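Next up is a structure, given as structure tokens.
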Amino acid sequence: MSRLETFAELFEQTAKQIDVAPGSMIRATVVEVTPEHIVLNAGLKSDAIIAADEFKDEMPSEGDIVEVVVESLENGFGETRLSREKAKRAKVWYVLEDLHKANKTVLGTITERVKGGFTVDVQGLQAFLPGSLVDLKPVRDPGYLEGKELDFKIIKMDKGRNNIVVSRRAVMSEGTSAERQAKLEELTEGQEIAGVVKNITDYGAFIDLGGVDGLLHITDMAWKRINHPSDMLSVGDEVCVMILKFDREKNRVSLGIKQLGDDPWRDIEKRYPAGSRIFGKVTNVTDYGCFVEIEDGVEGLVHMSEMDWTNKNIHPGKIVKLGDEVEVMVLDINEERRRISLGIKQCKANPWEDFAKTHKTGEKVRGVIRSITDFGVFIGLEGEIDGLIHLSDLSWTHTGEESVRQYKKGDEIEAIILAMDPERERISLGIKQLEENPMAKFVEGLDRDAVLKAQVIGVDKNKATLQLADGVMAVMRIGEFSHDHTEDLTQELKVGEELKVKIQTIDPKTNDLLVSHKATFSAPKIPKETISSNTTLGDLLKEQMKQQRDKDK
């Protein structure tokens, strides 16, 4: 028998004594240690070389006995392949199987988020934690648990697929009743307690108080307005809260953070009386104005009407930007409702007051027509303000739409100042006042009993419009046509027809002359004590017109 045959027989005999099938766990002796690799002798065909990284947790020394798993007895190059890493995993697997059978908990760390759940490191093995088994209640963002060592229950193991499924919910459900009840017994309203942000919603955040969840509503997070809870908190944050309300029957806990500090709205009127000018920061811009924070936790609204003296309908975003520091004036404070009205324009010169200081009633001004409305014409004046020429002040002879047809936007026109009201931001102008009133000229010196000829230029059921002279119009109401009852003036008069009338008075609303046809047949008696014998109709009408102008001003 050759020496080679003798060696082969010896190897075969040794292999029979040791279970060397691939995947078997055996013991081997460390024969050499270098920074890069470890050489092991397991009494097999050849020594095996294993990368030093597989021993990073426990670097061996020469002569140490270690457990390894046989990957192959011969890899085609005469080398035996062993694995220390697989031996460690196999050993852990056996331990976890025992814990699983005994229904005991294991320690693990959530390492990353995967589809449908999380990966958990359990003693070096990767396990799967379904999202539905993270907590007793659905958790929108369990990120606050990542990186923490937690207790889990193994609910499934499949060695063939190398699959382990764990549950944190199973651990919590076992002790939740007793622990929760004990924790609930400790809670009292007004108590300050530490907790961890467990979940964030649009309306608040749920805080884990140690087995008991409490709701921290968005309105109780801070004295100032918060757009979303995530602006102030993040999942996993440790926070100190106050128990505001505890419903023992429903086991509901309401929490607050802002209650831990002083209420900044207390005595707010003493610190910021109406008329105070202060600087603040723009915290929000809306379609109707902007909010300005004048101190931590105290915001006031600057309505769009209080942002600029002249630009009333401009969007607030074109005047201020988020984060701008602006000067504001306190207009009004309602401490009970926690509302402050602020103004930006009040900190700037009032162009209406400046205009009133440099101009006077009766003065002529020029401006460009900015807009034409149903009730008049607006022209631009110095200081970027507008003056209104009412329809009734455009012409002595034309009314309504007819009076504005000769004007268009962009025209430069001259007008006279009729009245100024800086407080109400109004300047009344007139164009017809630049000329003499043809009506006043017509009635001047006119005898009160004079009978005049008039031409019908318009008629409807209840009144007729008459022309007395060029530019002088009058109105005759149905009751002044005849001493007899009249149903419809259109049945009695036609356009172009002439009739005799007497002037009665001036309509205080329209400034029109009111005339009567029936008075030409039977003149009305005027009390002597009211009118002197030498008083003319022109005098009476002129006085009425003067009183009406004074009233309009």
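May I ask you to order 252-259, 191-198 by the average number of other C-beta atoms within 10 Å around their residues, highest value first? Mind showing how you got there, number by number?
Values: 252-259: 19.1, 191-198: 16.8.
Averaged packing, sorted descending, gives the order 252-259, 191-198.
Would you work out which of Asn350, Val377, Gly362 lies farthest towards the positive end of the dipole of segment 350-392? Charges go on Cβ: Lys and Arg +1, Asp and Glu -1.
Gly362
Exposure proxy check: Tyr407, Tyr203 ranked by fewest other beta carbons within 10 Å? Before the final figure, lay out each step's value.
Values: Tyr407 16, Tyr203 11.
In increasing order of surrounding Cβ atoms, one gets Tyr203, Tyr407.
Let me ask something additional. Name the GluC sites (Glu not before Pro) in segment 298-353 that are in a loop by DSSP and that have at most 12 other C-beta atoms within 10 Å, would you?
Numbers: sites: Glu299, Glu306, Glu325, Glu327, Glu335, Glu336, Glu353; in loops: Glu335, Glu336.
Those that pass, being in a loop and sparsely packed, are Glu336.
What base-10 log of the normalised intensity I(q)/I(0) is obtained for segment 390-506 from the Debye formula, alpha carbons as equal point scatterers, at q = 0.10, 0.11, 0.16, 0.23 Å⁻¹?
Each listed q maps to, in turn, -0.43, -0.51, -0.90, -1.31.
Could you give the length gained by full extension between Asp449 and Asp158, i.e. 0.36 nm per residue of separation minus their alpha carbon distance, to one decimal place?
Working: separation 291, 0.36 × 291 = 104.76 nm, distance 12.15 nm.
Extra length from Asp449 to Asp158 when fully extended: 92.6 nm.
Pairwise over distinct Cα atoms, reciprocal of the mean inverse distance: report the Kirkwood radius of segment 445-485 in Å, one decimal place.
Numbers: mean 1/r = 0.0879 Å⁻¹.
This gives a value of 11.4 Å.
As a test of the definition: which semi-axes, in Å, follow for segment 103-172 when you take the square root of five times each eigenvalue of its alpha carbon gyration tensor? Largest first, please.
Working: eigenvalues 61, 33, 28 Å².
The answer is 17, 13, 12 Å, longest axis first.
Dividing the alpha-carbon Rg of segment 286-435 by 2.2 N^0.38 Å yields what? Could you put the intermediate results ahead of the total?
Values: Rg = 19.0 Å, N = 150, 2.2 N^0.38 = 14.8 Å.
In units of the globular-protein estimate, segment 286-435 measures up at 1.29.
Also, quick follow-up: If I take all pairs of Cα atoms in segment 268-347, what percentage of them are more than 17 Å from each other? Kindly include the intermediate steps, with their values, before the conclusion.
On the way: 1155 of 3160 pairs.
Of all Cα-Cα distances in segment 268-347, 37 percent exceed 17 Å.
Please state the charge dipole magnitude for segment 187-260, taken about the Cα centre, from unit charges on C-beta atoms (+1 on K and R, -1 on D and E), reported in debye and rounded to the nearest 20.
Numbers: 8 positive and 11 negative charges, 43 e Å.
Dipole magnitude for segment 187-260 comes out near 200 debye.
Further, regarding this structure: Using DSSP to define loop residues, name the GluC sites (Glu not before Pro) in segment 217-278 whose beta-carbon has at most 14 other beta-carbon atoms within 10 Å.
Details: sites: Glu238, Glu249, Glu269; in loops: Glu249.
Here the GluC sites (Glu not before Pro) that fit, given the DSSP loop and packing criteria, are Glu249.
For segment 362-407, take the alpha-carbon Rg, divide it by the Kirkwood Rh, and send me Rg/Rh.
On the way: Rg = 10.8 Å, Rh = 11.1 Å.
My calculation of the ratio gives 0.97.
Could you give the spread of the C-alpha atoms of segment 151-284 along their three principal axes, from largest to smallest, in whole angstroms?
Computed over the Cα atoms, the extents are 79, 36, 20 Å.
Can I ask one more? Rounded to the nearest 20 debye, what is the charge dipole size of segment 434-520 about its Cα centre when +1 sits on each Lys and Arg Cβ and -1 on each Asp and Glu Cβ?
Details: 11 positive and 16 negative charges, 25 e Å.
Dipole magnitude for segment 434-520 comes out near 120 debye.
Shifting gears a bit: Which of Trp223, Trp265 has the fewest other C-beta atoms within 10 Å, and how do the rest follow up to the most?
Details: Trp223 21, Trp265 17.
Fewest-to-most ranking of Trp223, Trp265: Trp265, Trp223.
Per residue Cα convex hull volume for segment 187-260, in cubic angstrom?
Measuring per residue, one finds 77 Å³ for the Cα hull of segment 187-260.
Let me ask another. Give or take rounding to whole Å, what are the principal axis extents of the alpha carbon atoms in segment 351-434, in descending order?
Each principal axis gives a Cα extent; for segment 351-434 these are 35, 22, 20 Å.
If you don't mind, there's one more thing I want to ask. Sorting Cys290, Cys240 on the 10 Å Cβ count, fewest up front, what's the list?
Numbers: Cys290 27, Cys240 10.
Fewest-to-most Cβ neighbours within 10 Å comes out as Cys240, Cys290.
Read-outs throughout are calculated quantities, based only on the coordinates presented, and are distinct from any laboratory measurement. Owing to the predicted nature of the structure, the values given are computational and were not obtained by experimental measurement. Note that each Cβ is placed from the backbone with ideal geometry, even for glycine, and that neighbours are counted across all protein chains shown.
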